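Below: the structure, in structure tokens.
The values are calculated or read from the model by the stated rules, or taken from the named source; none is laboratory data. Note that the coordinates shown come from a computational prediction; the quantities given were computed from them, not determined experimentally. Note that we place each Cβ from the backbone using ideal geometry, even for glycine, and neighbour counts take in every protein chain shown. Note: accessible area is taken over every heavy atom of the protein model, side chains too, but ligands, DNA and RNA are not part of it. Shrake-Rupley method; radii C 1.70, N 1.55, O 1.52, S 1.80 Å.
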Amino acid sequence: KYIAFILILLCMVVTVSSTFAADNETLAAVDDGDVLTEDYYFDASVENDTGNGTIDNPYKQLTTARIKENSNIYLNEGEYELNDYKRIYNVNIIGKNPETTIIKNLDFEVTFSNSFTLHNVTLVKCRITNHGDFNASNTIFIGSSSSNGGGLYSDENANLDNCTFANN
């Protein structure tokens, strides 16, 4: 009985150890320099701003503090106002509809080796300075300016698809 008990105990130790080892390998694989992307959701029509940014409990207000590096920002229809400068590190902003998803006073700088993508939004009185990779599709720029002209200044890669510039 004593030998059987020792064998069972030994098997349990080996099984538990290998389970935790597998978990550590998973964490190491995630932490080896791969870029992870987080999704954040916003809805200007929710009653208050107590959400946590998930699809089921979105934020109401878009703030520069809530725009994290390596993130996808999903905007429901509505108006969002920013009034702080922000350096962007691999951010995608995806709106519901360019006619009804409006961002005002955006002031972003895309740094070298980073990217910024806009899709289905209207920017009003905004400024984008690009030194990395900038992509915009179905985006409307209205009444915007940058340090060297219109709402977008780029000395690196800028890809525009179905974009409109008005009063810039």
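List the residues, sorted by chain then number, that are 5 or more residues from LEU62 or on another chain and whose placed amide H is less than 5 Å from its amide H.
The list, which skips near neighbours in sequence, is GLU81.
Give the lysines reachable from LYS96 as a straight Cα distance under 25 Å; neighbours fewer than 8 places away on the same chain don't count.
Candidates past the 8-residue exclusion: LYS60, LYS68, LYS86, LYS104, LYS125.
What percentage of the solvent-accessible surface of the range 39-132, computed with a 1.4 Å probe over protein heavy atoms, is contributed by carbon and sulfur atoms?
Its accessible area is 43 percent carbon and sulfur atoms.
Excluding GLU109 itself, what net charge comes from residues whose Cβ is under 11 Å from its Cβ, given Lys and Arg +1 and Asp and Glu -1?
+2
Tell me the volume per residue, in Å³, of the convex hull enclosing the alpha carbons of the range 39-92.
Roughly 73 Å³ of hull volume per residue.
Ordered by residue, what ³J(HN,Hα) values in Hz, to whole numbers, does the range 113-126 give under the Karplus form 6.51 cos²θ - 1.76 cosθ + 1.60, where θ = phi - 60° and Gly and Pro are x?
Listing the rounded values in order: 6, 10, 9, 9, 10, 10, 8, 6, 9, 10, 10, 10, 6, 10 Hz.
Taking amide H atoms as placed 1.01 Å from N in the peptide plane, list the residues 5 or more away in sequence, or in a different chain, whose amide H sits under 5 Å from that of SER137.
For SER137, the qualifying residues are LEU118, HIS119, ASN120, ASP161.
Report the antiparallel proportion of the DSSP beta bridges in the range 98-168 as a percent, rounded to a multiple of 5.
Percentage antiparallel, nearest 5: 5.
For the range 61-168, build the convex hull from the C-alpha positions and give me its volume per residue in Å³.
Considering the Cα atoms of the range 61-168, their hull volume per residue is 79 Å³.
Ignoring everything but the protein chains, give the 1.4 Å probe accessible area of SER113 in square angstrom, nearest 10.
110
In whole Hz, with x marking every Gly and Pro, tabulate ³J(HN,Hα) for the range 45-52 from phi via Karplus 6.51 cos²θ - 1.76 cosθ + 1.60, θ = phi - 60°.
So the Karplus estimates, Gly and Pro as x, are 8, 5, 5, 9, 9, 9, x, 10 Hz.
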